Amino acid sequence: MSWWAGGALWLSARRGTAALPAGGWSALRAALPALAFVGLADVAANGTYSVAAHHGPVTVAAVLASLYPVVTALAARGVLRERLRTVQAAGGGAGPGGDRTARHGLTPARPRSDAERGAGKQWLSDR
């Protein structure tokens, strides 16, 4: 996929658009630590997803991985001081709630033994 980006950059430079940012090589060198951090964070995210998918239920790993846009929006809010629109803030709050519902369900869990049940409690799974 990276050859698409390289091809697009080459074509853009061929048409006369600057291939480097306005500051030239010095601006590019100044951005290298941030670019390295983004690359390492991406590798770490893919690695942790792989570990989670191999050592736990893949459905839980997939649901948690689908929350990455929430993390991106919160990082933009915290680091860049961007303002979140109302729908973004609502989605950021609803995402983890939906994740909890998907993992645990809406009904309470059945106790493991009759001793844990207690006197007179009735569970939805008993009906």
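The values are calculated or read from the model by the stated rules, or taken from the named source; none is laboratory data. If you're wondering where the values come from, they're calculated on a predicted model, not measured in any experiment. Methodologically, a virtual Cβ is constructed for each residue, glycine included, from the backbone with ideal geometry; neighbour enumeration extends over all protein chains shown. Accessible surface is based on the protein model in full, side chains and every heavy atom, while ligands, DNA and RNA are left aside. Shrake-Rupley method; radii C 1.70, N 1.55, O 1.52, S 1.80 Å.
List the number of the failed condition for A27; all other conditions in (1) among the small types (G, A, S); (2) closer than 21 Å to R100 by Cβ; (3) in contact with a Pro (Cβ under 7 Å, 6 or more places away or on another chain) hold.
(2)
For segment 66-103, name all the residues that are under 20 Å from F37 (Cβ atoms) and among the small types (G, A, S). Quick ask: steps written out before the conclusion?
Residues of segment 66-103 that are under 20 Å from F37 (Cβ atoms), as a first pass: 68-82.
Hits for segment 66-103 are A73, A75, A76, G78.
Taking segment 1-32, which residues are of a type outside the set (A, V, I, L, M), open to solvent by less than 90 Å² (accessible area, probe 1.4 Å) and at pLDDT 85 or above?
S26
Any residue that is within 25 Å of G92 (Cβ to Cβ) and out of contact with any Gly (no Cβ under 9 Å at 6 or more places or on another chain) - is there at least one of those in segment 16-37?
Yes, segment 16-37 has at least one match.
Let's see how each residue does on (1) surrounded by 12 or more Cβ atoms within 10 Å (Cβ to Cβ); (2) among the small types (G, A, S); (3) free of Cβ contacts under 8 Å to residues at least 24 places away in the same chain; (4) out of contact with any Pro (no Cβ under 6 Å at 6 or more places or on another chain):
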residue	(1), (2), (3), (4)
D42	no, no, yes, yes
A45	yes, yes, yes, yes
A53	yes, yes, yes, yes
V60	yes, no, no, yes
L67	yes, no, no, yes
V70	yes, no, no, yes
L74	yes, no, yes, yes
R77	yes, no, yes, yes
A89	yes, yes, yes, yes
